[in-house]
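Notes follow once the structure below has been shown.
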Amino acid sequence: MSETLLQETDARAGAAIAEGPDWLEAVRRAAAERFAQTGFPGSRDEEWRFTPIGPIAQGVWRAAPTASAGVTREQLAPFTFGHPEWNTLVFVNGLYSEALSTASALPAGVVVSSLAEALRSDGALLERHLTRHAPAEGSPFTAVNTASFREGGVVHVPANVDLDQPVHLLFVSTAAAGGSVTHPRNLIVVERGARASVIESYVTLAPGQSYWSNPVTEVSAGAGSWLEHTRIQRESEAAYHVGLTHVDQQRDSHYRSFSMAMGAALARHNLHVRLNDENVETLMYGLYLTRGEQVADNHTAIFHDHPNCRSWEVYKGVLDDRSRAVFNGKVFVTPEAQKTDAKQTNRNLLLSDSAKVNTKPQLEIFADDVKCTHGATVGRLDSAALFYARSRGVPAAAAERLLTYAFAAEVIDEVALPPVREELDRLVLERLETGV
């Protein structure tokens, strides 16, 4: 399968190389060669041993269709948080749709565009950042993406600019995507002293279709910048989603991440954040909801390379039926990173006796003047709390939903944008009340 995929990757990369700058050609070819050497990770690979990638590695995946399949704005309305006027880039089956996208007025110098357009008009920015933060050597899936990507979103906020409205990158899969693979590549650059909020959504209009999404997002947060990054994965529950987000932060920057996963048969997200200077703050929140035979896998890594930095990570999971979750969170503290303050928490709520969690929070500390803690819990609803609700006349099923919702809402409350927070809150309630 690796050789077949590599041949298809070479063909797609060749088409993209013909349209792109010369510097990208060498990067693509190196990525293709890297994947040819490594292939897909196996069960003996520590980073992937709990991730069942067999259906991806053994599948036969075609290129995604190039037509928008008649998608309308009305069909996209449930995914735009009630604010269709926000700057929104829409990608249908991996390709940019100008007709479905919305471009509002932007401050001078701000760029919100498709990757293909940015390669034509802003080559210097992309040469400095694209493929530089998430190297192909990091993962076979990143290597395939680097060799294959054709489209994605680019957000560039110049120094000291406050982008007062969010930017939404909306990736939509339709029924025509069945059996196909897409490799979106996103780049978010927030320069010194700038502020922005970016939403990254992966959704479907065909809940029963099987396809593979393989996105990579690179983030550069300049000195003194502020970025809220919300990532929502609502793919078909027959699909496969393997994504990477890599963030580089500079001095005095603030990066706030919220990641929600409730779709796909297999959903894996790697979130890596590197703190490249002093006085950096990183906040990472996550929520995953699984049912049936779903697998949700979150691998996070925070690299404390400099002193006086802070990181806070809270991931929660709600699992039902025979579903499974994986959480592997790592915090690395180098000898130079004195005065590090890092906290990591993973909590899981099992609604079924058949649900399962593999959780492994990790700290690797090589400095002595630090405050670092981590912890993980896996369990059922609190029987005392259930008894308290029942004793006050709340029916058993309603009491269970109420307590489960309260467990999830603690993380959702950390989403700073009210329209997004309210919609995610509604999605969780809908899942708990109707199971849809």
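The values are calculated or read from the model by the stated rules, or taken from the named source; none is laboratory data. Because the structure is predicted, anything quoted here is derived from the model rather than measured. Quick reminder, even Gly has a Cβ in these numbers, built from the backbone with ideal geometry, and neighbours come from all protein chains shown.
A search for C-beta distances below 8 Å between a residue of segment 89-116 that is under 12 Å from His156 (Cβ atoms) and any residue that is among the acidic types (Asp, Glu) and in a strand (DSSP E or B), counting only pairs 6+ apart in sequence or on different chains, returns Pro107/Asp162. Scanning segment 325-352 for residues that are in a loop (DSSP other than H, G, I, E, B) and over 20 Å from Val295 (Cα atoms) yields Thr334, Pro335, Glu336, Ala337, Gln338, Lys339, Thr340. For segment 76-106, taking the residues that are more than 23 Å from the chain's Cα centre (by Cα) and of a type outside the set (D, E, K, R), the one that is surrounded by the most Cβ atoms within 10 Å (Cβ to Cβ) is identified as Leu106. Of all residues in segment 107-134, those being in a loop (DSSP other than H, G, I, E, B) and either buried (at least 17 other Cβ atoms within 10 Å of the Cβ) or more than 19 Å from the chain's Cα centre (by Cα) (or both) number 9. From the list Ala13, Ala31, the lone residue that is in a helix (DSSP H, G or I), in contact with a helix residue (DSSP H, G or I) (Cβ under 6 Å, 6 or more places away or on another chain), modelled with pLDDT under 95 and of a type in the set (Gly, Ala, Ser) is Ala13.
Within segment 41-55, residues that are within 20 Å of Ala136 (Cα to Cα) reach partners that are basic (Lys, Arg) with beta carbons closer than 6 Å, at six or more positions or on different chains, in the pairs Thr51/Arg268. Restricted to segment 268-293, and to residues there that are in a strand (DSSP E or B) and polar (S, T, N, Q), the residue that is farthest from Tyr240 (Cα to Cα) is Thr282. Quick one: in segment 391-420, which of the residues that are outside any helix (DSSP H, G or I) and in contact (Cβ under 8 Å) with a residue 12 or more places away in the chain is farthest from Met284 (Cα to Cα)? The selected residue is Leu417. Being more than 21 Å from Pro78 (Cα to Cα) and either at pLDDT below 95 or among the β-branched types (Val, Ile, Thr) (or both) is the requirement here; does Leu402 meet it? Yes: the conditions hold for Leu402. When restricted to residues that are in contact with a strand residue (DSSP E or B) (Cβ under 8 Å, 6 or more places away or on another chain) and either among the hydrophobic types (A, V, I, L, M, F, W, C) or assigned to a loop (DSSP other than H, G, I, E, B) (or both), segment 294-320 contains 14.
Taken together, Asp248, Asp252 contain a single residue that is in contact with a Ser or Thr (Cβ under 7 Å, 6 or more places away or on another chain), under 24 Å from Glu336 (Cα atoms), among the charged types (D, E, K, R) and in the same structural domain as Glu218 (by TED's automatic domain parsing), which is Asp248. In segment 118-144, the residues that are among the hydroxyl-bearing types (Ser, Thr, Tyr) form Cβ pairs under 6 Å with partners that are assigned to a loop (DSSP other than H, G, I, E, B), at six or more places apart or across chains, as follows: Thr142/Ala134. Is it the case that some residue within segment 149-172 is assigned to a helix (DSSP H, G or I) and on the phi < 0 side of the Ramachandran plot? There is no residue in segment 149-172 that is assigned to a helix (DSSP H, G or I) and on the phi < 0 side of the Ramachandran plot. Restricting segment 200-245 to residues that are over 9 Å from the mean Cα position of the chain (by Cα) and of a type in the set (D, E, K, R) leaves a set whose member that is nearest to Pro419 (Cα to Cα) is Glu228. Among the residues of segment 179-213, the ones that are of a type in the set (Gly, Ala, Ser) and buried (at least 24 other Cβ atoms within 10 Å of the Cβ) come to 3 in all.
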